[in-house]
Amino acid sequence: MSDFHRVRRLPPYVFEQVNALKAKARAGGADIVDLGMGNPDLPAPKHVIDKLIETVGKPRTDRYSASKGIAGLRRAQAAYYARRFGVKLDPETQVVATLGSKEGFANMAQAITAPGDVVLVPNPSYPIHAFGFLMAGGVIRSVPSEPGPEFFTAVERAIMHSIPKPIAVVVCYPSNPTAMVASLDFYKDLVLFAKKHEIFVLSDIAYAEVYFDDAPPPSILQAPGAFEVAVEFTSMSKTYSMAGWRIGFAVGNERLLAALARVKSYLDYGAYTPIQVAAAAALNGPDDCVREMRLTYKRRRDVMIESFAAAGWPIEKPSASMFAWTPVPERFRHLGSLEFSKLLIEKADVAVAPGIGFGEHGDDFVRLALVENEQRIRQAARGVRRFFETADKTLHNVVKLKKQA
């Protein structure tokens, strides 16, 4: 029996191959340092958990909730945008709460995509940015991930040569997986470009609060005219270490958000009300927990850069996000990112995310997440060093290695 139509459009999920090998190694007693999935290990803030506990069990909160989010949560998100970006949002028409940014992206794709519609997506990029539209019947054209002149050249070329004309372009900064950051000038140019070509912009800033210098990443909605063309997706997952709570937001263009809200109204009744109340408490509460989150990831980043360089694997220092995006070492590059990632589990007891999982243009890279403590990161570096030092002797009968220059 052949696969169903929508399933056939989805390639094998390469991360599952890594996860299966990781589980097998652990079952055999291996201590795997997992730098693969961007799954925060930090606790959610205490005042947020306290609010959840306070709200659970009240009869009214056990009822169906609102699919686009309770009013208090939408007001809290609007207040956050006003504080952080200086952007005014109408909580009634310009904010929709989602079950995480991933669900928001997927249902936005369902809301706006007709069969055969073309969407421009960075490559490499987070999988839902492309596959949400593929599952909705759309067609993907790849554009560069880096926010520079080449991006606009490629997008303009894609618009000129795509039939039908693209309906939207996706951007994600700070980027998952590359950790690149866009400037407000880039967003201003992008808004002008989108208005000129009459396409929408879907911006993912799930990592906007995970930055390590004195330049907080901007929002596209800060650019003049952005509300005419753009919707932006955010998440509680990384900012407040609430990944499993599944709370995110879509904000911006009223027409796009009305379409998303209508689709969601047929699919869900929103998150459990106590979770929404607690999420509002996070957004309205003190931000010292967010600052501590940044400091923790910065310390981990610095330890990773130092220890991996000492192990013989230099990694470029990311200025934002909870990831480092780094080339596969030259002598292993011909294997591809997936096979190299498998080798790291087998030979170094370290799990990473293969770049091919983010698009074919990521296959020379792997992504390392800052989701283990500093001691464990140093342990990972020691495993990598041992693997590199013995690879020529232990792998010659398994894989052909390129000779080092």
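Just one residue in the set Gly225, Gly270, Gly248, Gly252 is of a type outside the set (Val, Ile, Thr) and at pLDDT below 95; that residue is Gly270.
Taking only segment 216-233 into account, find how many residues are touching a residue at least 60 places away in the same chain (Cβ under 8 Å) and either open to solvent by 30 Å² or more (accessible area, probe 1.4 Å) or part of a helix (DSSP H, G or I) (or both).
The number of residues fulfilling the criteria is 4.
For the condition at negative phi and over 20 Å from the mean Cα position of the chain (by Cα), what is the one hit in Ala130, Ala109, Ala114, Ala97? The match here is Ala114. Pairs are defined by a Cβ separation below 8 Å, a sequence spacing of at least 6 or placement on different chains, a first member in segment 114-142 that is small (Gly, Ala, Ser), and a second member that is surrounded by fewer than 18 Cβ atoms within 10 Å (Cβ to Cβ) and assigned to a helix (DSSP H, G or I); the pairs so defined are Ser142/His361. For segment 278-301, indicate whether the set of residues that are buried (at least 18 other Cβ atoms within 10 Å of the Cβ), at pLDDT below 95 and either assigned to a helix (DSSP H, G or I) or at positive phi (or both) is non-empty. Within segment 278-301, none of the residues are buried (at least 18 other Cβ atoms within 10 Å of the Cβ), at pLDDT below 95 and either assigned to a helix (DSSP H, G or I) or at positive phi (or both).
Of all residues in segment 244-256, which are open to solvent by 10 Å² or more (accessible area, probe 1.4 Å) and either farther than 15 Å from Leu52 by Cα or β-branched (Val, Ile, Thr) (or both)?
Across segment 244-256, the qualifying residues are Asn253, Glu254, Arg255.
Look at (1) touching a Gly at 6+ places or on another chain (Cβ under 9 Å); (2) modelled with pLDDT of 95 or more; (3) open to solvent by less than 10 Å² (accessible area, probe 1.4 Å); (4) of a type outside the set (A, V, I, L, M) and you find that Gly100 fails only one, number (2). Scanning segment 54-78 for residues that are at positive phi and either under 25 Å from the mean Cα position of the chain (by Cα) or outside any loop (DSSP other than H, G, I, E, B) (or both) gives a single hit, Gly69. Applying the selection to segment 319-349, what residues are within 21 Å of the chain's Cα centre (by Cα) and either under 16 Å from Arg382 (Cβ atoms) or open to solvent by 10 Å² or more (accessible area, probe 1.4 Å) (or both)? Result: Ser319, Trp325, Pro327, Leu338. Here is the figure for segment 1-26: residues that are within 30 Å of Met242 (Cβ to Cβ) and either open to solvent by less than 30 Å² (accessible area, probe 1.4 Å) or part of a helix (DSSP H, G or I) (or both) total 13.
What is the residue count in segment 263-276 for residues that are in a helix (DSSP H, G or I) and over 24 Å from the mean Cα position of the chain (by Cα)?
4
The values are calculated or read from the model by the stated rules, or taken from the named source; none is laboratory data. Predicted model, so just to flag it, every value in this text is computed and none were measured. Every residue, glycine among them, receives a Cβ derived from its backbone with ideal geometry; neighbour counts consider all protein chains shown. Note: accessible area is taken over every heavy atom of the protein model, side chains too, but ligands, DNA and RNA are not part of it. Shrake-Rupley method; radii C 1.70, N 1.55, O 1.52, S 1.80 Å.
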